[in-house]
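*Asks:* Pasting a structure below so you can have a look.
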Amino acid sequence: MKQDIYIKNRKAKFEFELLEDVVAGIMLTGTEIKSIREGQASINEAFCQFIGHELWVINMNIAVYKFGTYANHEPKRPRKLLLGAQELKKWQKRVNEKGLTIVPTALFINEKGLAKLKVTLAHGKKTHDKRDSIKEKDTKRQLDRLKKSF
């Protein structure tokens with residue numbers, strides 16, 4: 001039984017210049033993983049933040065499990081990301097020195113059935129960069145339309 005759960009953060013590519021990414025595990029409760037397997041999660045408003053020497057994902061929405069009881073989870077609680085110590089040190093150093101940020105770009109279930117979060121080191125785009133992105137997308141769309149008409 002293979003499940004194809006792949007939830008993307010589509011705004012991240014538009015809002016940020018994506019530099020480097022890594023796949024991290026997430027500490028979840030039982031009802032949270034059940035909701036993710038049903039595709040009931042959103043990472044559009046989520047961001048990552050260092051608290052101490054640990055990386056946490058904040059504002060990731062995992063819907064309440066509909067068959068859960070009193071032990072159901074809180075939808076937007078902070079969740080700890082599981083990364084190696086060397087990777088955490090390297091990323092914390094880069095975030096502090098260069099003013100970069102860490103953005104979740106994808107949430108998926110791997111082959112073993114574990115939830116993984118793809119996080120990316122990113123640099124915020126300026127307004128003119130966003131306009132350039134829109135312009136590139138429009139020209140690509142127009143070229144595709146012209147190719148289909150021939």
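*Asks:* Work out the FRET efficiency for HIS53 and ASN110 from their Cβ-Cβ distance, taking R0 = 35 Å, and round it to the nearest 0.05.
*Replies:* With R0 = 35 Å, the Cβ-Cβ based efficiency is 0.85.
*Asks:* Continuing with this model, one more query. Please identify the longest segment of the chain free of exposed trypsin sites (Lys or Arg not before Pro), where exposed means a DSSP state other than H, G, I, E or B and no more than 10 other Cβ atoms within 10 Å.
*Replies:* My reading of the result: 3-111 is the longest stretch.
*Asks:* Determine Rg/Rh for the chain; Rg is computed over alpha-carbon atoms and Rh is the Kirkwood hydrodynamic estimate from the same atoms.
*Replies:* Result: Rg/Rh = 1.05.
*Asks:* How large is the dipole of the chain about the Cα centre if only Lys and Arg carry +1 and Asp and Glu carry -1, each at its Cβ, rounded to the nearest 20 debye?
*Replies:* 440 debye
*Asks:* Taking GluC sites (Glu not before Pro) that fall in a DSSP loop and have at most 15 other Cβ atoms within 10 Å as cut points, what is the longest piece of the chain between them? Could you put the intermediate results ahead of the total?
*Replies:* Details: sites that count: GLU38, GLU45, GLU111.
That gives 46-110 as the longest site-free run.
Coordinate-derived values only; no laboratory data. Quantities reported herein were computed from a predicted structural model and do not represent experimental measurements. For neighbour counting, all protein chains shown are included, and Cβ atoms are generated from backbone atoms with ideal geometry for every residue, glycine included.
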